[in-house]
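Participant: Pasting a structure below so you can have a look.
The values are calculated or read from the model by the stated rules, or taken from the named source; none is laboratory data. What you see is a predicted model; the values in this text were computed from it and never measured. Every residue, glycine as well, gets a Cβ built from its backbone with ideal geometry; the counts of neighbours run over all protein chains shown.
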Amino acid sequence: MSFQGKKLINDPHHVVTEFIEGLVETYPGLQYLDGFPEVKVVLRADVSSSTYDKVAVISGGGSGHEPAHAGFVGEGMLSAAICGDVFASPPVDSILAGIRAVTGAKGCLLIVKNYTGDRLNFGLAAEQAKSEGYNVEMVIVGDDCALPPPRGIAGRRGLAGTILVHKVAGALAAAGCSLTEVTAEARRATGMIGTMGVALSVCTLPGQATSDRLGPGKMELGLGIHGEPGAAVADLQPVDVVVAHVLTEILSLETNYVPITRGNNVVIMINGLGCTPLMELMIIAGKAVPRLQLEHGLAVDRVYTGSFMTSLDMAGFSITVMKVDEVILQCLDAPTKAPAWPVGVDGKRPPAKIPVPVPHSPFQRKAELSTRPEQLNKQGLILEAAIEAAASELISLRDSLNEWDSKVGDGDCGTTMVRGASAMLEDMKKFYPLNDVLETIKEIGFSVRKVMGGTSGIIYDILFNAAYASLKTTSQGTITSKEWASALEAAIAAVSKYGGAQAGYRTLLDALIPASEVLRERLNAEDDPLDAFVKSSEAALSGAESTKHMQALAGRSTYISSDILASVPDPGAMAAAAWYKAAAIAVKNVCHGSTG
């Protein structure tokens, strides 16, 4: 049984924006970029790219982990935090806006938790910023010690230890160190940190039902901060037993996740996950310190207890252990005005928001020009039918996709796909230049990019941009069937290149790759192009359904057990197969059996 979670919110879609508004009212040393709603960036009120003479330190990710990351913006820590939607990576445009707003001549360091969407979005933003002349470096934090050695390309998850990396990098930047020095020390710090979490309940996303995955008297060991299942479910035990288990896992010599041995100096962070009373966190701290000293032979130099990186309203905690030396201790002890470290604030109150220092996107300019044609040609009518059918099919599958994703991810695949599909339908009515197929494909990428966020948004943006680039190179007018096939192949290759996934990794590529292969095979055999398209869509559906039998090698599903994975297909693959098949059938119906 599940029930709607109780939340003190207005519209679930506006929770991040309203959180930021309250944050800057509470702490006058913070501001946010104000321009178009998609950009959610919190930054220091005393930093401007035109005048800042120190290394900027930027982090961010999906919201729902407050106070991370916006609460750690302040002198001595972060220069800016980029806020995505709840549990969704922030879009590239937001990250670029943050970089442009605070990065001066000494450059900036991006500190990124090890999740596929964060790596893709921050990585693409870094490359774009470099092309604009900014000096940018990136450090990836993966401090999770709960799971077996990583499978595939995903690696260890980024957890609460990320906050300690913020502090080290921020202190060095404030001291005037160069970008090379700040980056090197931040990267060294990431190798000294281990974290493991324990949950007593599953978090509830705004506007969604509360999961009953954990029954009475149960706890989950090694879960992720997005509510994804952990390493094991066990009976609730006394806190002494739980703390002993967590510390043993972090310091295990078998996994050797952190280079901590007897006689080392460490600091620890006892982190609440959102719904754990301070009393319980202090109890955990009181049990962890003597155990580290007496059983593991470590000198505990500092203890940080509180809520640093949460998971909405999850009940539970994580423990982070970090090996330290004199340099790192000095960085941790250095003064900071970041409110969540925590520190006091002074009474100075600059304006709460400043304009976004970026030009309008091509998408916005075209919206203002209203490029939607009054009369559609044949190719425009076909494209319109395909877009409507694909988007409508995704909207109808929302609940099924969310249900599958609740078992292998964070439960929002359907909601995310519906955001993209709805944006496409709305934008198509206003200004898609449907008679110009190339430009329409490019605009579809903008549509999904501005609303989807996270891994899905960036992957589909890459997909459509790669297809656009392929068609722009090969097409001389009306696009042929073989040119469409080449564009699909180019799109698949681009997603594989930047995301790292291949066939058999349990991703949307397991739907698109079979479709591409069948389409090319049928066209080479001189089959009717419309029939080839439909046949390829059947291959896409078969490929998506076959993901039930695959071990995940990319994305958050890599952390899920094989038994759970075998119960459902990959939601992303099923979504891709659904829109592809709907589009194929719509195209054939519009053409009435004729080739085109």
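Participant: May I ask you to list the residues in the range 283-331 that are under 17 Å from Lys167 (Cβ atoms) and charged (D, E, K, R)?
Facilitator: Scanning the range 283-331 gives Asp301, Arg302, Lys323, Asp325, Glu326.
Participant: Here is a follow-up. I'd like to know if the range 473-487 contains one or more residues that are in contact with a Ser or Thr (Cβ under 6 Å, 6 or more places away or on another chain), over 16 Å from Glu439 (Cβ atoms) and in contact (Cβ under 8 Å) with a residue 24 or more places away in the chain.
Facilitator: no
Participant: Taking the criterion of being more than 22 Å from Tyr498 (Cβ to Cβ), modelled with pLDDT of 90 or more and surrounded by fewer than 19 Cβ atoms within 10 Å (Cβ to Cβ), would at least one residue in the range 400-412 satisfy it?
Facilitator: Yes, the conditions are met somewhere in the range 400-412.
Participant: Also, I was wondering about something else. Please name all residue pairs, on different chains or six or more residues apart, with Cβ atoms under 7 Å, provided the first residue is in the range 224-249 and is under 29 Å from Ala209 (Cα atoms) and the second residue is of a type in the set (Phe, Trp, Tyr).
Facilitator: As it stands, the answer is Gly224/Tyr559; His226/Phe87; Glu228/Tyr559, since those pairs meet every condition given.
Participant: Further, regarding this structure: Given the structure, is Ser470 assigned by TED's automatic domain parsing to the domain that holds Ala578, buried (at least 19 other Cβ atoms within 10 Å of the Cβ), out of contact with any strand residue (DSSP E or B) (no Cβ under 7 Å at 6 or more places or on another chain) and farther than 27 Å from Pro90 by Cβ? Quick ask: steps written out before the conclusion?
Facilitator: Working: assigned by TED's automatic domain parsing to the domain that holds Ala578: yes; buried (at least 19 other Cβ atoms within 10 Å of the Cβ): yes; out of contact with any strand residue (DSSP E or B) (no Cβ under 7 Å at 6 or more places or on another chain): yes; farther than 27 Å from Pro90 by Cβ: yes.
Here the answer is yes, as Ser470 does meet what is asked.
Participant: Now for a different question. Which of the residues belonging to the range 250-263 are in contact (Cβ under 8 Å) with a residue 60 or more places away in the chain and either more than 18 Å from Leu147 (Cβ to Cβ) or surrounded by fewer than 18 Cβ atoms within 10 Å (Cβ to Cβ) (or both)?
Facilitator: Ser252, Thr255, Pro259, Ile260
Participant: Same structure, new question: Just wondering, is there one or more residues in the range 274-291 that are of a type outside the set (S, T, N, Q) and closer than 16 Å to Ile225 by Cα?
Facilitator: Checked against the condition, which is being of a type outside the set (S, T, N, Q) and closer than 16 Å to Ile225 by Cα, the range 274-291 yields at least one hit.
Participant: Any residue at all in the range 420-427 that's among the hydroxyl-bearing types (Ser, Thr, Tyr), closer than 23 Å to Gly227 by Cβ and part of a helix (DSSP H, G or I)?
Facilitator: Here is the first cut: in the range 420-427, the ones among the hydroxyl-bearing types (Ser, Thr, Tyr) are 422.
If we keep only those that are closer than 23 Å to Gly227 by Cβ too, we end up with none.
Looking through the range 420-427, none of the residues is among the hydroxyl-bearing types (Ser, Thr, Tyr), closer than 23 Å to Gly227 by Cβ and part of a helix (DSSP H, G or I).
Participant: While we're looking at this one, here's another question. Could you please find all residues in the range 214-230 being at negative phi, modelled with pLDDT under 90 and crowded, with 18+ Cβ neighbours inside 10 Å?
Facilitator: Leu214, Leu223, Gly224, Ile225, His226, Glu228, Pro229, Gly230
Participant: Going through the range 75-102 one residue at a time, which ones are crowded, with 24+ Cβ neighbours inside 10 Å, at pLDDT 95 or above and not hydrophobic (A, V, I, L, M, F, W, C)?
Facilitator: Listed by number, the residues that qualify are Ser79, Gly98.
Participant: Determine whether the range 509-522 contains at least one residue that is surrounded by fewer than 18 Cβ atoms within 10 Å (Cβ to Cβ), assigned by TED's automatic domain parsing to the domain that holds Val408 and touching a Pro at 6+ places or on another chain (Cβ under 8 Å).
Facilitator: Checked against the condition, which is being surrounded by fewer than 18 Cβ atoms within 10 Å (Cβ to Cβ), assigned by TED's automatic domain parsing to the domain that holds Val408 and touching a Pro at 6+ places or on another chain (Cβ under 8 Å), the range 509-522 yields no hits at all.
Participant: Let me ask another. For residues in the range 429-442 being surrounded by fewer than 24 Cβ atoms within 10 Å (Cβ to Cβ) and not in a helix (DSSP H, G or I), which is nearest to the chain's Cα centre (by Cα)?
Facilitator: My answer is Phe431.
Participant: Does the range 279-299 contain at least one residue that is part of a strand (DSSP E or B) and surrounded by fewer than 24 Cβ atoms within 10 Å (Cβ to Cβ)?
Facilitator: yes
Participant: Out of (1) over 23 Å from the mean Cα position of the chain (by Cα); (2) crowded, with 22+ Cβ neighbours inside 10 Å, what's the single condition that is false for Ala566?
Facilitator: Result: Ala566 passes all but (2).
Participant: Between Ala575, Ala525, which is within 25 Å of Thr415 (Cβ to Cβ) and either free of Cβ contacts under 8 Å to residues at least 24 places away in the same chain or surrounded by 21 or more Cβ atoms within 10 Å (Cβ to Cβ) (or both)?
Facilitator: Ala575
Residue-wise test of (1) over 25 Å from Leu298 (Cβ atoms); (2) of a type in the set (Gly, Ala, Ser).
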| position | (1), (2) |
| --- | --- |
| Met219 | yes, no |
| Val239 | no, no |
| Gly274 | yes, yes |
| Pro277 | yes, no |
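Participant: Could you figure out which of (1) aliphatic (A, V, I, L, M); (2) touching a Pro at 6+ places or on another chain (Cβ under 9 Å); (3) assigned to a strand (DSSP E or B) isn't true of Ile268?
Facilitator: Evaluating Ile268 over (1) aliphatic (A, V, I, L, M); (2) touching a Pro at 6+ places or on another chain (Cβ under 9 Å); (3) assigned to a strand (DSSP E or B) leaves (2) as the failure.
Participant: Answer yes or no: is there a residue in the range 314-333 that is surrounded by fewer than 16 Cβ atoms within 10 Å (Cβ to Cβ), among the hydrophobic types (A, V, I, L, M, F, W, C), modelled with pLDDT of 95 or more and out of contact with any strand residue (DSSP E or B) (no Cβ under 7 Å at 6 or more places or on another chain).
Facilitator: The answer is yes; a qualifying residue exists.
Participant: Okay, moving on. Can you say whether Met309 is in contact with a His (Cβ under 6 Å, 6 or more places away or on another chain) and in contact (Cβ under 8 Å) with a residue 24 or more places away in the chain, as far as the supplied structure shows?
Facilitator: So Met309 passes the test.
Participant: So Lys54 clears everything in (1) surrounded by 17 or more Cβ atoms within 10 Å (Cβ to Cβ); (2) among the basic types (Lys, Arg); (3) within 26 Å of Met452 (Cβ to Cβ) except one condition, right? Which one?
Facilitator: All conditions are met except number (3).
Participant: Further question: Looking at the range 126-139, I want the residues that are at pLDDT below 95 and have a partner that is of a type in the set (Ser, Thr, Tyr) with Cβ atoms under 8 Å, at least 6 apart or on another chain. Which pairs are those?
Facilitator: Ala129/Thr103
Participant: Still on this structure, I have one more. Please determine, by comparing only the residues of the range 164-178 that are of a type in the set (A, V, I, L, M, F, W, C) and touching a strand residue (DSSP E or B) at 6+ places or on another chain (Cβ under 6 Å), which one is farthest from Met322 (Cα to Cα). Please lay out each step first, then the result.
Facilitator: So in the range 164-178, the residues of a type in the set (A, V, I, L, M, F, W, C) come out as 164-165, 168-169, 171-175, 177.
Right, trim to touching a strand residue (DSSP E or B) at 6+ places or on another chain (Cβ under 6 Å) and you get 164-165, 169, 173.
Details: Leu164: 8, Val165: 10, Ala169: 15, Ala173: 20 Å.
Going through the qualifying residues, I end up with Ala173.
Participant: Checking Ile9 against (1) at pLDDT below 95; (2) under 21 Å from Ile111 (Cβ atoms); (3) part of a loop (DSSP other than H, G, I, E, B), which test does it fail?
Facilitator: (2)
Participant: OK, next. For the range 443-464, does any single residue satisfy the condition of being assigned to a helix (DSSP H, G or I), closer than 19 Å to Leu512 by Cβ, among the charged types (D, E, K, R) and at pLDDT 85 or above?
Facilitator: Yes: the range 443-464 contains one or more residues that are assigned to a helix (DSSP H, G or I), closer than 19 Å to Leu512 by Cβ, among the charged types (D, E, K, R) and at pLDDT 85 or above.
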